[in-house]
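One structure below.
The values are calculated or read from the model by the stated rules, or taken from the named source; none is laboratory data. Just so we're clear, the structure is a prediction, and the values are computed from it rather than from any experiment. Methodologically, a virtual Cβ is constructed for each residue, glycine included, from the backbone with ideal geometry; neighbour enumeration extends over all protein chains shown. Just the protein is used for accessible areas: all its heavy atoms, side chains included, with ligands, DNA and RNA removed. Shrake-Rupley method; radii C 1.70, N 1.55, O 1.52, S 1.80 Å.
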Amino acid sequence: MSDTVARAYELLHAQDRPGAIALLRQDGGREAVGLLGELLLEDGQAEAAADALSAAVAADPGHIPWRRALVTALMMAGRGEEALSQCRDLLTRRPDDAVGQVRMARLLLDGGEREAALDHAREARFLAKGDLDITTATAAILTDADEALAAVEMLDAALRQAHPADPAQPFGWVALGKAWLHLGEPEKAAKAWQDALDMDEADPAGATPLLAGLAGAGAQTSLPPAFVRALFDTYADRFDRELVGKLRYDAPQALRQLLLEHGGLTGLRILDAGCGTGLAGVAVRDMASYLAGFDLSPRMVDKARTRDVYDALWVGDLVGSMAERPGAFDLVLAADVLVYIGDLAPVMEAAATTLVSGGRFAFTCERSDGPGFQLHEGRRFAHGETHIEDAVATAGLTLTHLAHHSTRIDRGQPVPGWIALVVKA
């Protein structure tokens, strides 16, 4: 250790941080420059820290803590390409560096490389299973990558096993709350953020503004895509067995019968919106010259693909998948998909976009006795007659059929529902 660095540590011990930084700035040695960069990074001076740490790493390329700190400084300074290059160098030298794996995951995710990011996040978790800091950072990446259910499971286990005095606990609880909110569980999010405050009233993790924002949020108009994706990814393997066998689900057959009653059903270009495992696709395949389907859940799409009835399948959201394909379809089906959407106006507008003139939109949904829509305890939306009529009319469509129809049972009783057919002029 150089004399300058030794003296700087003495000043730090004496609570004279400005004096230590000033002393280090006067010494161009690599130890002094490296420590200066670390102190500047701690103070949030990202650009100055990056410059100092770049010089330190250039003088000693194998010094892993400096290179790790340099990656962080470059990320904080918004210098993503440089950070990515330094992070690759770090992992080439030390592939077992968990912090480096986390940083690489974040950089790749921010660059749109989701699958590669998830691979690095999982590697970080494997390398530092007992480290709550790494687990929290990994969970945040999973949440941002729409893998919030995995983040919840990871953090729940880690926080239960964490030492009560671990200073990372409040940050873990905040990350858990964000994952719950991503899954459409505001009450669970609020509890996690309150737990973070209970752990440390100084609130180092920033739970207070999150709670305030949650308190000011309005009613949900749809369920978060992450919630729907996680639900059906988990449900995919037993979906047909439980839905058809136990709940007597009949939406595909009911929609087929409705369409047959209205005629003109040969050689159609059909879109199965929210196709699930493909039950509706099977029901209308003989009506189609071209049958496409999509779902938010990748595992559901995989299941639908095994039926070999679709001409095209993809993973996508309801409104975007229709709005991005103007005038592409004669018929759109949505079998019990709208139960995960509150406000139907955007859905009807997207349907109007994707349908040709004279095209039809056939759907089922749950029924509310009120005029609007409501999210009930089953985490599904029920819609009132007035809301459906208004959404259809606003989109310039015509509602030609709206009738009571229950598509499944729950606790031994039929679930009140609607079956509808809408036409584009």
Report summary line: Of the conditions (1) assigned to a helix (DSSP H, G or I); (2) in contact (Cβ under 8 Å) with a residue 24 or more places away in the chain; (3) more than 23 Å from the chain's Cα centre (by Cα), the single one that Ala139 does not satisfy is (3)
Report summary line: Within region 374-399, residues touching a His at 6+ places or on another chain (Cβ under 9 Å) and either open to solvent by less than 70 Å² (accessible area, probe 1.4 Å) or basic (Lys, Arg) (or both) come out as Ala382, Ala391
Report summary line: Among (1) free of Cβ contacts under 8 Å to residues at least 12 places away in the same chain; (2) closer than 27 Å to Asp96 by Cα, His63 falls short only on (1)
Query - Selection count where residues are in a helix (DSSP H, G or I) and open to solvent by 50 Å² or more (accessible area, probe 1.4 Å), scope region 142-164 - result: 6
Requested in this report: Output the residues belonging to region 353-392 that are within 27 Å of the chain's Cα centre (by Cα) and more than 21 Å from Ala323 (Cβ to Cβ).
Outcome: Thr364, Glu366, Gln374, Leu375, His376, Glu377, Gly378, Arg379, Arg380, Ala382
Report task. Would you please name the residue that is farthest from the chain's Cα centre (by Cα), looking only at residues in region 107-122 that are open to solvent by 50 Å² or more (accessible area, probe 1.4 Å) and either in contact (Cβ under 8 Å) with a residue 24 or more places away in the chain or over 18 Å from Asp144 (Cβ atoms) (or both)? Result -> Gly111
Report summary line: If you go through Ala362, Ala335, the only one that is in contact with a His (Cβ under 9 Å, 6 or more places away or on another chain) and under 22 Å from Thr398 (Cα atoms) is Ala362
**Report entry** strands (runs of 3 or more DSSP E) (entirely within region 278-370) containing at least 2 residues that are open to solvent by less than 30 Å² (accessible area, probe 1.4 Å) and modelled with pLDDT of 95 or more
**Finding:** 288-295, 329-334, 355-367
Report task. Test Val392 against the criterion of being part of a strand (DSSP E or B) and either touching a helix residue (DSSP H, G or I) at 6+ places or on another chain (Cβ under 7 Å) or of a type outside the set (Phe, Trp, Tyr) (or both), and give yes or no. Result -> no
Query - Matching option when the condition is in a loop (DSSP other than H, G, I, E, B), free of Cβ contacts under 8 Å to residues at least 60 places away in the same chain and either open to solvent by 60 Å² or more (accessible area, probe 1.4 Å) or within 30 Å of Arg125 (Cα to Cα) (or both), among Gly44, Gly100 - result: Gly44
Query - Residue, least open to solvent (accessible area, probe 1.4 Å), within region 57-93, restricted to residues that are within 25 Å of Asp144 (Cβ to Cβ) and outside any helix (DSSP H, G or I) - result: Ala77
Requested in this report: With respect to Val33, determine if the residue is in contact with a Gly (Cβ under 9 Å, 6 or more places away or on another chain) and either within 17 Å of Arg68 (Cβ to Cβ) or assigned to a helix (DSSP H, G or I) (or both).
Outcome: no
Report summary line: Contact list, first residue from region 10-37 and within 12 Å of Ala56 (Cα to Cα), second anywhere and open to solvent by 40 Å² or more (accessible area, probe 1.4 Å) and in a helix (DSSP H, G or I), beta-carbon distance below 7 Å, six or more apart or interchain, is Arg30/Ala59; Val33/Ala55; Leu36/Arg25
Requested in this report: Please enumerate the residues belonging to region 167-205 that are open to solvent by 60 Å² or more (accessible area, probe 1.4 Å) and either polar (S, T, N, Q) or not in a helix (DSSP H, G or I) (or both).
Outcome: Pro167, Gln194, Glu201, Ala202, Pro204
Requested in this report: Please tell me if Gly19 is open to solvent by less than 30 Å² (accessible area, probe 1.4 Å) and within 30 Å of Pro298 (Cβ to Cβ).
Outcome: no
Report summary line: How many residues of region 166-190 are among the acidic types (Asp, Glu) and closer than 17 Å to Arg380 by Cα? The answer is 2
**Report entry** Output for region 260-273, where each listed residue is modelled with pLDDT of 95 or more and open to solvent by less than 60 Å² (accessible area, probe 1.4 Å)
**Finding:** Leu268, Ile270, Leu271, Asp272, Ala273
